[in-house]
1. Would you point out the residue of segment 131-142, among those that are surrounded by fewer than 18 Cβ atoms within 10 Å (Cβ to Cβ) and polar (S, T, N, Q), that is farthest from Ala67 (Cα to Cα)?
2. How many of the residues making up segment 88-141 are of a type in the set (Lys, Arg) and within 17 Å of Leu72 (Cα to Cα)?
3. Return the total of residues in segment 146-177 being surrounded by fewer than 17 Cβ atoms within 10 Å (Cβ to Cβ), more than 22 Å from Tyr46 (Cβ to Cβ), of a type outside the set (Lys, Arg) and out of contact with any Pro (no Cβ under 8 Å at 6 or more places or on another chain).
4. Looking at Asp77, Asp96, can you tell me which residue is surrounded by 14 or more Cβ atoms within 10 Å (Cβ to Cβ) and out of contact with any Lys or Arg (no Cβ under 6 Å at 6 or more places or on another chain)?
5. Where residues in segment 111-128 are surrounded by fewer than 19 Cβ atoms within 10 Å (Cβ to Cβ) and among the basic types (Lys, Arg), which of them is nearest to Val165 (Cα to Cα)?
6. Mind counting the residues in segment 54-78 that are without any contact (Cβ under 8 Å) to a residue 60 or more places away in the chain, over 21 Å from Leu91 (Cα atoms) and aliphatic (A, V, I, L, M)?
7. Looking at Ser69, is it assigned to a loop (DSSP other than H, G, I, E, B), more than 16 Å from the chain's Cα centre (by Cα) and either at pLDDT below 95 or of a type in the set (Ser, Thr, Tyr) (or both)?
8. Please find, among Leu74, Leu115, the residue that is part of a loop (DSSP other than H, G, I, E, B) and under 21 Å from Asn53 (Cα atoms).
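The values are calculated or read from the model by the stated rules, or taken from the named source; none is laboratory data. Since the model is a prediction, treat every value here as computed from it, not as a measurement. We place every Cβ from the backbone using ideal geometry, glycine too, and count neighbours over all the protein chains shown.
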Amino acid sequence: MRRDIVWERLDRPGLEHLTLEVGTDAIRAESLVLLQLDSGLVRLHYRLRADGNWRTCAASFRLDQGAASRSLELARDGDAWLVDGQPRADLAGCQDIDIAATPLTNTMPVRQLALASGETRTFRALYVRVPELTVTPMDQDYTRLDPATPPRRFRYASPGFTAEVAVDADGLVEDYPPGWKRRTP
């Protein structure tokens, strides 16, 4: 299955165009995010590769802001994470990645946690900050808010932030206030 998804940023100027290829044993995503931050306009291009269970295997990033460019490479090595080819012990226990500038990476815990209605679980994520492209571990709570099959609503909570997230039948974000809303491409 191949899908093109467009998300519009609601609380500031921004747009993301994602091309997603989902196979039985591999998922590939390629995206371009244009986002106006307080520090200026950023252009983020990222590629992500996951296994058939939506578990990220590798991701690469290039961010342009003004005349400055940054890049970042992430890879999973068993239960360890490599950042630009170097192991990072502080990321041990991170179940997947969360990229600050996109709603795509909320799909990983939605798909992996298989929560019962009303159930909350903590998901330890490798958090990629934008525009810095720095990486830190972050505990995030996901709560399934509905009994639908497949589930369609979740509460996401991280330090200092909470949002109700609506997803489609594939677990891809449709509405993530106050930040993102899916548009028809």
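1. Thr136
2. Qualifying residue count, segment 88-141: 2.
3. Count: 11.
4. Asp96
5. Ranking the candidates gives Arg121 first.
6. 2
7. no
8. Leu115
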